[in-house]
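Worksheet for the structure shown next.
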Amino acid sequence: VYNSAMLGSCASELAGTCGVADPASAPAEPVNTTAAPDAGWRRTVYSVAVTGTLGALPAPAVQWRVDGGATQQSATASVPAEGTHVLETRVGDGAATWSAWRADAVRIDATPPTVALSCPGWQAASAGCHVQGTDALSGAVSLEVRIGSSPATTALPGPAADVSVGAEGETAVLARAVDGAGGTSAWAPATARVDLTAPTVALRCESLGGDRHRCAVDAGDGAGSGVASIAWRRDGGPPQPVAAGEGFDVTAPAGLTATATDAVGRTAPAALTLAVGTAPATVPATSVGVPVRPVVASGAGLSRTFAVRGARQTGGVASLGLSRGPAGVALRLGLGRLAVSSGRYRIQLCLGTTRVARRCRATTVTLRRSGRLPTAALARTVAGGGKATASVTIARRSGSRWVTALRGSTTTALP
């Protein structure tokens, strides 16, 4: 090897005579300078300019291929599909001189992850909610959770985690998953329910005269899991299931106990002793009348003259009476004698409260000539508080169907 710069014009002669190469005239090696992709996952299509040098100049030719496929010669390499791919690039002079193929891994995950959030039913202690993230490509690498009304987010490692909620009552829980490419799922909602407080229960009785008493058990659980069962016992005997506010008769003397159990198994007791002639927990009775105004349907056999006159003079042809006693609130829905033409009639009376399901009674009457319908009544005893709803419907038979002749309803607060 010699230095051609020092030999000057003799360089080519010496090279030809001695058979040595001039380093200044040796071909340059191509160098691939294409930017390498990030090692992690990405959410979008990957594109990169394929670049290189040949000596001091840019390489005049580039080539690339994806997953060993067809060789491309465009200046920009592109990987559009999801998944893990191998992008190979090289540069050269476009003839016989090329750099070695360089392989780079490209990872694309354009699909957001999914998340499942589940919380159990009412719990007597803290509620454990389970979060499960799923992503088929980059994986659910982390989870985000929000509890209650706070916007604060707690990050947890994925793909699954358990979250404990100890606040009493119903608490909103939100969770979402984050995949390896930074994609996020939609927020999944659930409700954690914790009941730390026992229900309330009370026994009440009123004397029916002598040694007879009408008793009832009142129970509630506030904003908790709800009262699941109520039972009462006489003198330590077997438990007798009963609904809240439902009356039952007891003969004195007797020692009564009652137990209310909520949905998470917490219990509360109550006790009461009855003696002959006593009336514990009595409350003076009151009553209030509530008119139920009729709505007259034409052509249904109802005497419009009577109905209009009755509505104007008395405010209606039916009334709801309420009386508050120790055993609860006694409701009585009564229908007066209504003047109608001949035909077959169906009278339906319904009573219900915000705490007790509606109960109806229907009576069918046939009048062979014009006259008055018989009086009708429906009575029941319920727990106080809330509202009572009463309705009256009178229908007349017309061929094969019933046609409504009169309808009325009212809602009123219970004492």
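What follows draws every value from the coordinates through simple rules; no lab data is involved. Everything numeric here is computed off the predicted structure, so don't read it as measured data. Positions of Cβ are backbone-derived with ideal geometry, glycine not excepted, and every protein chain shown enters the neighbour counts.
Peptides 71-83, 257-269 ranked from most to least packed, by the mean per-residue count of other Cβ atoms within 10 Å: 257-269, 71-83. The trypsin sites (Lys or Arg not before Pro) of the range 193-229 include none that DSSP puts in a loop with a beta carbon having at most 12 other beta carbons within 10 Å. Taking other C-beta atoms within 10 Å as the exposure proxy, HIS85, HIS130, HIS213 rank HIS130, HIS85, HIS213 from fewest upward. With a cut-off of 9 Å between beta carbons, the residues surrounding TYR345 carry a summed charge of +4, where Lys and Arg count +1 and Asp and Glu -1. Toward the positive end of the charge dipole of the range 36-171, with +1 on the Cβ of Lys and Arg and -1 on the Cβ of Asp and Glu, the farthest Cα among ALA161, PRO120, THR84 is that of THR84. Neighbours of GLY83 by Cβ distance under 9 Å: Lys/Arg scored +1, Asp/Glu scored -1, total -1.
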